[in-house]
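I have a structure I would like to understand better, so I am pasting it below and will then ask my questions one at a time.
What follows draws every value from the coordinates through simple rules; no lab data is involved. Quantities reported herein were computed from a predicted structural model and do not represent experimental measurements. Methodologically, a virtual Cβ is constructed for each residue, glycine included, from the backbone with ideal geometry; neighbour enumeration extends over all protein chains shown.
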């Protein structure tokens with residue numbers, strides 16, 4: 001943390017450049033940051049909510065609007081992770097000039113990429129909270145726990161980004177594998193259904209999926225007013241912290257060989 005804090009100004013500049021670059025020259029500009037999650041929500045809500053008649057199993061009074069909001073919540077969280085990891089394998093390869101500069105801290109590339117995805121996620125939460133307020137007339141006080149639930153996901157995304165950005169230099173196939181892995185992970189992360197509907201014999205397997213736990217707890221605190229399961233959340237914090245530390249250590253150990261490979 002001390003090392004990254006020392007490059008705080010540079011991280012802010014790279015994050016700002018990343019955010020501005022993705023919308024530069026487009027007609028709608030930053031409004032695309034809202035249109036993209038809303039477009040995903042519309043497609044998935046029609047397919048799973050109206051065609052497949054999917055339900056979360058939260059009670060007999062559960063409406064299609066409740067399902068839509070829960071689906072949107074899951075998509076926003078997974079989109080953050082998906083954007084962070086899909087870009088990771090090419091972070092170093094796309095910046096060969098930085099590799100040759102010994103003084104440039106390559107490890108901040110993952111931090112700025114995750115930071116840009118985090119800002120996108122925060123923007124996407126605005127229509128979710130607005131729709132929740134319009135539908136139910138209030139936002140549960142348990143929504144204040146959202147930073148505690150989301151922080152493990154941020155640490156997980158950062159650690160995996162360091163791993164993948166380093167591996168992407170040595171194993172170029174990683175860039176093709178990650179999108180397939182993310183598709184599998186999305187359907188295994190309780191985005192389109194609730195953990196409560198998973199058969200008992202598979203419950204343990206799903207509880208080892210940190211994304212599924214984050215989605216489950218986020219829905220509970222935002223939509224249903226249920227406090228987090230603090231025991232599970234504590235284990236998730238520890239596991240995510242270990243992934244972040246391990247990813248950083250792996251990147252710092254391997255980055256000295258980047259110039260030779262590239």
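Restricting things to alpha carbons, find the Rg to Rh ratio for the stretch 143-259 using the Kirkwood radius for Rh.
Rounded to two decimals, Rg over Rh is 1.03.
Here's something else I'd like to know. When the distances between all Cα atoms of the stretch 70-198 are binned every 5 Å from zero, what whole-number percent does each bin get?
2, 10, 17, 19, 18, 13, 9, 6, 4, 2, 1, 0
Tell me what the chain gives for mean residue ellipticity at 222 nm when only DSSP H runs of n ≥ 4 count, each as -39,500 (n - 2.57), the sum divided by the residue total, rounded to 500 deg cm²/dmol.
-22000 deg cm²/dmol
Let me ask something else. Starting from the exponent 0.38 and prefactor 2.2 Å, build the expected Rg for the stretch 2-261 from its residue count and divide its actual Cα Rg by it.
That works out to 1.05 for the stretch 2-261.
OK, next. Compute the angle between helix 146-170 and the longest alpha-carbon principal axis of the chain, please, reported from 0 to 90 degrees and rounded to the nearest 10.
Relative to the chain, helix 146-170 is tipped by roughly 40 degrees.
Suppose we look only past 13 Å in the calculated P(r) of the stretch 123-187. What percent of the Cα-Cα pairs does that tail hold?
76
Could you order peptides 189-199, 206-216 by the average number of other Cβ atoms within 10 Å of their residues, highest first?
Sorting 189-199, 206-216 by mean packing, highest first, produces 206-216, 189-199.
For the stretch 165-214, what are the per-bin percents of Cα-Cα distances with bins 5 Å wide, up to the bin holding the maximum?
Taking every Cα pair in the stretch 165-214, the percentages come to 4, 19, 22, 17, 13, 12, 8, 4, 1.
Pick from 84, 246, 124 the residue whose mean-square fluctuation is largest in a GNM of the chain, springs joining Cα atoms under 10 Å.
246
Picking from 144, 38, 205, which is most flexible by a Gaussian network model of the chain using Cα springs under 10 Å?
The residue that fluctuates most here is 205.
Next up: By how many degrees, between 0 and 90 and to the nearest 10, does the Cα long axis of helix 32-44 differ from the longest principal axis of the chain?
That helix lies at roughly 50 degrees to the long axis.
Sticking with this one: Would you kindly state how much longer the chain becomes between residue 135 and residue 53 on full extension, computed as 0.36 nm times their sequence separation minus their alpha carbon distance, in nm to one decimal?
27.5 nm
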